[in-house]
1. Please compute, for the alpha-carbon atoms of the chain, the extent along each of the three principal axes and give them in descending order in Å.
2. What's the center-to-center distance, using Cα atoms, between the range 567-599 and the range 533-553 in Å?
3. So what's the gap between the Cα centers of the range 498-528 and the range 351-402, to the nearest angstrom?
4. Name the shape class, rounded, prolate or oblate, that the alpha-carbon gyration tensor gives for the range 262-399, where a ≥ b ≥ c are the square roots of its eigenvalues, rounded holds for a/c under 1.5, and otherwise prolate holds if a/b is larger than b/c and oblate otherwise.
5. Once the Cα atoms of helix 329-338 and of the chain are each reduced to a long axis, what angle between those two axes, in degrees from 0 to 90 to the nearest 10, is obtained?
6. Need the list of lysines near Lys7 for cross-linking: C-alpha distance under 24 angstrom, and skip anything on the same chain fewer than eight residues off.
7. Tell me the per residue accessible area of the chain using a 1.4 Å probe; a whole number in Å² is fine.
8. By accessible area of protein heavy atoms, probe 1.4 Å, what ranking do Arg534, Arg383, Arg234 get, highest first?
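The values are calculated or read from the model by the stated rules, or taken from the named source; none is laboratory data. Since we're looking at a predicted model, the values are computed, not measured. Quick reminder, even Gly has a Cβ in these numbers, built from the backbone with ideal geometry, and neighbours come from all protein chains shown. Surface accessibility is based on the protein's heavy atoms, side chains included, excluding ligands, DNA and RNA. Shrake-Rupley method; radii C 1.70, N 1.55, O 1.52, S 1.80 Å.
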Amino acid sequence: MPTMTEKIIQKHLAEGTLERGKKISLKIDQTLTQDATGTMAYLQLEAMGVDQVKTELSLSYVDHNTLQSGFENADDHKYLQTVAAKHGIYFSRAGNGICHQVHLERFAKPGKTLLGSDSHTPTAGGIGAFAMGAGGLDVACAMAGRPFQLTMPKIVKVELIGKLTQGVSSKDIILKLLSLMSVKGGVGKVIEYCGDGVKTLSVPQRATITNMGAELGATTSIFPSDEITEAFLRKQQRADDFTPLCADDDAVYDEAYTINLSTLEPMIAMPHSPDNVVSITEVEGKPIDQCSIGSCTNSSYMDMMSVAAILKNKVAHQNVSLTISPGSKQVLNMIAQNGALADMIAAGARILESTCGPCIGMGQSPITNAWSLRTFNRNFYGRSGTLSANVCLVSPEVAAASAINGVISDPRKTAYELPEEPDEFLIDDRCIIIPDPNAAESVEVIRGPNIKALPINQPMENTIEKSVLLKVEDNITTDHIMPAGAKVLPYRSNIEKISQFVFRDVCADFAKRCQNHNGGIIIAGSNYGQGSSREHAALAPMYLGIKAVIAKSFARIHHANLINFGILPLQFADEADYDKIDEGDVIQLNNLHDLKPNQTIIAENLTKNSKLTLTYALSELDIRTLAYGGTLNLIKAENQVK
Ligand code: MIC
Ligand code: SF4
């Protein structure tokens with residue numbers, strides 16, 4: 001009676017049992033990295049002394065930092081290309097597409113485990129892969145052949161019934177689920193889809209849904225692998241990669257939801273959170289300034305074809321800047337060949353390269369106080385690069401119809417011809433460089449001057465006595481902690497430089513505070529560190545001397561990243577104690593060398609002369625890792641012992 005999750009986990013279990021809430025380790029079949037997290041991951045892989053990767057397949061994509069306004073990003077790409085050739089890693093060149101879109105098209109396989117240094121790796125759940133996001137260091141460890149540790153998740157069943165109507169898309173399904181579950185509703189859970197409605201959705205439509213499962217905080221999301229999956233793989237000339245997968249009829253779930261596709265309406269996530277969702281009818285008519293179509297959520301061939309159909313013979317409203325980023329070279333090539341691209345260009349769309357682009361603030365920041373509709377997955381405050389902008393998340397159909405009208409529009413009121421599914425996809429993998437193991441030894445890894453050595457942390461001391469340097473509220477994202485955008489991203493391989501931007505838009509002098517106090521402690525609300533997998537949100541604070549974060553609760557990937565870099569993640573036993581600590585208070589944590597799983601420790605607030613009980617969700621391995629000051633130190637110590 002297992003679920004899909006249990007079937008895949010059982011097959012990949014390296015340690016532990018299927019008991020919910022307990023730590024397990026999984027064998028990882030495939031890994032992926034992208035350029036913004038990849039440089040660190042490969043520096044870490046090199047530091048581990050690994051020769052050739054131990055996975056079935058590892059890929060390095062270049063899709064985030066492609067705005068080359070200085071030498072830094074270009075140098076990173078060269079480093080990634082050469083380090084991939086050296087270690088047996090496939091390399092997808094800049095321009096070949098967004099990692100998740102390309103991986104879905106060309107590499108993801110049903111039933112396999114995939115670990116990616118990007119939080120939207122669960123996109124591959126659309127094809128039935130068990131795909132998880134992680135920090136770069138965890139991905140490096142997986143490439144080195146180490147199993148990946150996680151907490152055995154709870155399993156949520158989402159039954160889809162009925163069929164979408166014209167103008168309503170799979171984006172609206174996941175926006176609806178976000179409205180039901182919220183951005184923390186999926187933490188510690190896998191979302192499994194089932195029901196008759198599943199059969200009406202193509203693999204890329206399913207992938208839009210699993211992609212944005214990341215915004216629920218879910219460990220991953222997964223669809224069955226069925227005849228639709230098989231047809232998709234056949235059209236990608238990958239029929240051999242098909243294996244069926246579904247949950248048993250009597251599978252037992254921890255939670256269940258039902259969504260009726262036939263009655264679903266177009267939805268919109270209002271600023272500044274993906275779960276701030278309302279029906280489009282509630283905000284229809286509001287003037288807008290920008291529409292950006294693309295990202296790993298909505299840049300598939302059929303997404304582009306729907307957009308082209310809506311734009312055909314029309315022109316974007318004069319007040320709207322319309323940008324379109326097709327998700328991959330495959331998609332771009334196909335729409336170029338069938339004329340859809342010409343319809344977009346004629347409509348005044350600004351065609352961008354097949355990369356993340358505006359989604360990560362790499363250009364196209366909207367005007368001051370803008371209303372910007374984006375088909376992306378995150379509308380966190382400031383992420384677009386314009387702090388005053390109001391960014392909303394919508395489907396490609398809503399974005400295209402709104403771009404024409406200049407106001408938020410319901411695509412059900414726009415007449416357009418529904419495009420047809422392609423009979424086959426255009427296959428051309430020449431922009432993916434396959435490593436040659438025989439040539440690996442002679443490859444020279446090229447490191448530009450911006451690529452700096454990895455900072456090394458000290459072992460954890462038995463007592464931490466530090467000031468609270470910052471107190472933040474619930475749902476703080478890794479974009480708050482470590483902003484991205486065109487100005488900051490070029491320093492992803494230069495921790496000293498990037499650390500100066502930590503909490504830039506929350507507390508402008510945070511880095512200085514850390515320097516003045518010789519490090520300190522952060523106090524946070526619930527779901528701390530939601531969003532991106534960027535380990536820089538732990539690595540840079542570690543570099544600034546942050547020793548512990550005390551929160552009401554943590555997002556999964558960030559919690560793991562904190563441990564990886566030797567920052568102690570602690571939780572209030574009683575959430576009300578959050579109110580008993582203020583910025584500037586000096587906190588003492590004692591006997592840290594005696595931490596044991598499932599226990600508590602007492603924190604002394606020396607300023608207020610009070611005591612608080614704290615818990616921690618740490619396994620024996622996590623505690624050992626923290627004691628060494630992080631994973632790299634632990635691995636080095638283990639290697640010395642061998
Ligand atoms: C994102 O969408 O925030 C990113 C940029 O893709 C990140 C990774 C990163 O920060 O490099 C993610 O989602 O993990
Ligand atoms: Fe790229 Fe945006 Fe997807 Fe992140 S969410 S991988 S930045 S397209």
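1. Ordered largest first, the chain gives principal extents of 69, 57, 56 Å.
2. Here the answer is 15 Å between Cα centres.
3. 27 Å
4. On the way: a/c = 1.56, a/b = 1.36, b/c = 1.14.
Verdict is prolate for the range 262-399.
5. The two axes meet at around 10 degrees.
6. Those lysines meeting the cut-off are Lys22, Lys23, Lys27, Lys54, Lys109, Lys112, Lys154, Lys157, Lys189, Lys199.
7. On the way: 22860 Å² over 642 residues.
Accessible area per residue, the chain: 36 Å².
8. Working: Arg534 5, Arg383 30, Arg234 140 Å².
Correct descending sequence by accessible area is Arg234, Arg383, Arg534.
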